[in-house]
């Protein structure tokens, strides 16, 4: 099955189906491909197989007759141990060929906590970690939402794509095909790559402009997506209904990374949905976007998908809903909906703070939507809140339990038997957002705030989950880092850090040691950054002017100063509010 | 035209051996959806094709008898149903037989006699003999039960037959009686044997569940449209001849 590894050894590890390939819809191997590309996901197979970006790029490349595209994923600890013990290099799951034999290795950067896995993937492939040490072997490129600031990972990559990958991946494939015919050297290829929009090539620094796939609205999604061998994290077939977001939440990087909003038509979506369902046999279709309630014809789309059912057991999953009228309309069409959980993100407990972060929902809307779940099939409701937001006060924190109690009151009044879960996490300032300059609360501050909120919730029946405070710090450092952070990353990996996003695998000690060895103080990256100095990532043109972010930041500051609310009916506080953290 | 129930027997080889029973069931349900057959759906919160499945096979074991009863809303000729499903099977899965379930046929949950085939490397005749003695010895004891609640079990009578087949490849056919109370399933007994082999495991090149008596196909589909039992066997022999599968 896998060269160098016996089937018996494969059976000794957890979930061997992660590594054997052969999924339904896996394309036939091309007879004489001119270019080989391996797409890697730096986390477990079941997460990677749910990743929309990977599906899209795989599909784009697989449709080109000249290109053989394959996949690889981070092996879990047990399999990594086996690979290293047997001296077997990381391989692609389709052909089992070593990754290092491909022409191009494209690694998705889905979230910062996979960065040590990225290093581990490169190492397991048997390639030198630093781009400058790689004279042969595949070009190693990265891309994805956490490439907004590519500086911390720059020295490990030959190039990093900032923005949409649909066309950009074909551009680099074309470039490599040309390079083969014309016999270009690696350096020559990289120099040319630096001239292609969206690509940041550390060896040839040049202005980088975020890539936008303008044809998104008219282009078909992958119509024959692969079916994971083992149950994937999101048990549904994703259908991306639009890209981009119009909300402009001041903390949200994705809102700026995926701009502008590009919608697909109801007609197209319904046709594609039919083809996807037919080619996969999956019964659940997930309508995917950053904020599904903002799709302009959501009601019509849901109606049509409900009418044009391919399977009698077909259901719809609609994640990323906002608590607004559109959602209320949607909840009326409950028959077609998947009977699982509803997830909302009020983000802040008080109206004041929701205004400051530009989360445009009111408490009335929240309570209305909760009440409207009566009679729906949704069994559970999960609410996301952030702590440590800029300009947060104790009253804002206390507003979280207060809101939860009012939601529980609604549930009691309406006799809703829903499982309520409250998820708390620390605010992390992200590049290319109006809050990119803000100070991040320390782990100790976040811990104290969580204690305060949990104390406030002690009489609530809601289940509470939270994100580790040190992880928040680390995400902040990796998000707003510079080249020095790359050194820390390297040291952390050397100290054994991998799968940092997994609670049971996260090695706080390895990271603390890494900061020491690299002589880097993490607070350098979590403190307030000056609006007068260029930020490490500002060499990238993100297609939103700096002045806009600054203006939005100032608006938030003004709102915090006057302590007022833009929403009618909400009482303005008489006293200026003192923030817990000076933003 | 009323409801009908069709009993589909699948094989699982190659990479499909590494897929868990639960995941394999889901793959087969997707194949049923894709097939376009007019399947009945279950009632309740999570409707799905109305099916029942035979007993699971251990991870890594091949099988020629993964059985699924599928309820259809309307009558469909069995061979047509078989054809439609066969075209939708993922790599490593095959359709062995399809029959209409008739009154009196045993349900898939019925206690069943099970036959396994173990194949050995050409130089592993001694290990095969050790295996035969292990399975037939009435005094053989194994540890069984959930982790933390394991107990010692005497296998006496669990294996009703251990037959040597001098291929090539060298093989041992084991017939396990329908499980009695407290006696582990055939797959678990084989796994207990394997656990004691250590480095010698690679001398076993394939473990395959070849038959579950209660679920055995009564009527094969037409040879024009499907592999018969014999064809499956010969194809399988060809596959296993190059030492590929376990």
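Looking at the structure I just gave you, is residue A:219 in contact (Cβ under 8 Å) with a residue 24 or more places away in the chain and surrounded by fewer than 16 Cβ atoms within 10 Å (Cβ to Cβ)?
Criteria met by residue A:219.
Here are the criteria: (1) assigned to a loop (DSSP other than H, G, I, E, B); (2) modelled with pLDDT of 95 or more. Tell me which single one residue A:234 does not satisfy.
(2)
Testing residue A:307 on (1) in contact (Cβ under 8 Å) with a residue 24 or more places away in the chain; (2) surrounded by fewer than 21 Cβ atoms within 10 Å (Cβ to Cβ); (3) away from chain B (no Cβ under 14 Å), one condition comes back false. Which one is that?
(1)
Which condition number in (1) under 26 Å from residue A:93 (Cβ atoms); (2) over 13 Å from the mean Cα position of the chain (by Cα) is the one that residue B:21 fails?
Result: residue B:21 fails condition (2) only.
How about segment B:103-122: which of its residues are touching a residue at least 40 places away in the same chain (Cβ under 8 Å) and either over 21 Å from the mean Cα position of the chain (by Cα) or assigned to a loop (DSSP other than H, G, I, E, B) (or both)? Break it down stepwise before answering.
As a first pass, look at segment B:103-122 and keep what is touching a residue at least 40 places away in the same chain (Cβ under 8 Å): B:105-122.
Matches in segment B:103-122: B:105, B:106, B:107, B:108, B:109, B:110, B:111, B:112, B:113, B:121, B:122.
Considering each of B:110, B:124, B:98, B:62 in turn, give the residue that is more than 14 Å from chain A (Cβ to nearest Cβ) and surrounded by 19 or more Cβ atoms within 10 Å (Cβ to Cβ). If you could, list the steps in order and put the result at the bottom.
Working: B:110 fails: surrounded by 19 or more Cβ atoms within 10 Å (Cβ to Cβ); B:124 fails: more than 14 Å from chain A (Cβ to nearest Cβ); B:62 fails: more than 14 Å from chain A (Cβ to nearest Cβ).
Criteria check complete, one pass: B:98.
Going through B:67, B:41, B:76 one at a time, which residue ends up being more than 9 Å from chain A (Cβ to nearest Cβ) and out of contact with any helix residue (DSSP H, G or I) (no Cβ under 7 Å at 6 or more places or on another chain)? Full working, then the answer.
Numbers: B:67 fails: out of contact with any helix residue (DSSP H, G or I) (no Cβ under 7 Å at 6 or more places or on another chain); B:41 fails: more than 9 Å from chain A (Cβ to nearest Cβ).
Going through B:67, B:41, B:76 in turn, just one is more than 9 Å from chain A (Cβ to nearest Cβ) and out of contact with any helix residue (DSSP H, G or I) (no Cβ under 7 Å at 6 or more places or on another chain): B:76.
With the structure loaded, tell me whether residue A:263 is away from chain B (no Cβ under 14 Å), surrounded by fewer than 21 Cβ atoms within 10 Å (Cβ to Cβ) and touching a residue at least 40 places away in the same chain (Cβ under 8 Å) or whether it fails that test. Working first, answer last.
Details: away from chain B (no Cβ under 14 Å): yes; surrounded by fewer than 21 Cβ atoms within 10 Å (Cβ to Cβ): yes; touching a residue at least 40 places away in the same chain (Cβ under 8 Å): yes.
Yes; evaluated as a whole, the condition is true for this residue.
Of the numbered conditions (1) assigned by TED's automatic domain parsing to the domain that holds residue A:34; (2) part of a helix (DSSP H, G or I), residue A:197 fails exactly one; give the number of that condition.
(2)
Would you please name the residue that is nearest to residue A:447 (Cα to Cα), looking only at residues in segment A:358-375 that are part of a loop (DSSP other than H, G, I, E, B) and touching a strand residue (DSSP E or B) at 6+ places or on another chain (Cβ under 7 Å)? So that I can check it myself, show each step before the final result.
First, the residues of segment A:358-375 that are part of a loop (DSSP other than H, G, I, E, B): A:358-362, A:373-375.
Those left that are additionally touching a strand residue (DSSP E or B) at 6+ places or on another chain (Cβ under 7 Å): A:359, A:361, A:373.
On the way: A:359: 24, A:361: 27, A:373: 33 Å.
Restricting to residues being part of a loop (DSSP other than H, G, I, E, B) and touching a strand residue (DSSP E or B) at 6+ places or on another chain (Cβ under 7 Å), the top hit is A:359.
Sort out which residues of segment B:49-59 are buried (at least 22 other Cβ atoms within 10 Å of the Cβ) and part of a strand (DSSP E or B), and write them in order of number.
Matches in segment B:49-59: B:49 only.
Here are the criteria: (1) within 14 Å of chain B (Cβ to nearest Cβ); (2) assigned to a loop (DSSP other than H, G, I, E, B). Tell me which single one residue A:279 does not satisfy.
(2)
Tally up the residues in segment A:3-17 that are out of contact with any helix residue (DSSP H, G or I) (no Cβ under 9 Å at 6 or more places or on another chain) and closer than 17 Å to residue B:121 by Cβ, please.
Of the residues in that region, 0 qualify.
Checking the structure you have, find out if any residue of segment A:489-501 is farther than 19 Å from residue A:121 by Cβ and either assigned by TED's automatic domain parsing to the domain that holds residue A:130 or assigned to a loop (DSSP other than H, G, I, E, B) (or both).
No: zero hits.
Out of all the residues in segment A:10-22, is one or more away from chain B (no Cβ under 14 Å) and on the phi < 0 side of the Ramachandran plot?
Checking segment A:10-22: not a single residue is away from chain B (no Cβ under 14 Å) and on the phi < 0 side of the Ramachandran plot.
Please state which one of A:39, A:54, A:35 is surrounded by fewer than 23 Cβ atoms within 10 Å (Cβ to Cβ) and touching a residue at least 12 places away in the same chain (Cβ under 8 Å).
A:35
Can you find a residue that is within 24 Å of residue A:280 (Cα to Cα) and in a helix (DSSP H, G or I) anywhere in segment A:387-399?
Step one: of segment A:387-399, the residues within 24 Å of residue A:280 (Cα to Cα) are none.
For segment A:387-399, residues within 24 Å of residue A:280 (Cα to Cα) and in a helix (DSSP H, G or I): absent.
The values are calculated or read from the model by the stated rules, or taken from the named source; none is laboratory data. Every value quoted in this text rests on a predicted model; they were computed, and no experiment measured them. Backbone-built Cβ (ideal geometry, glycine too); neighbour counts: all protein chains shown.
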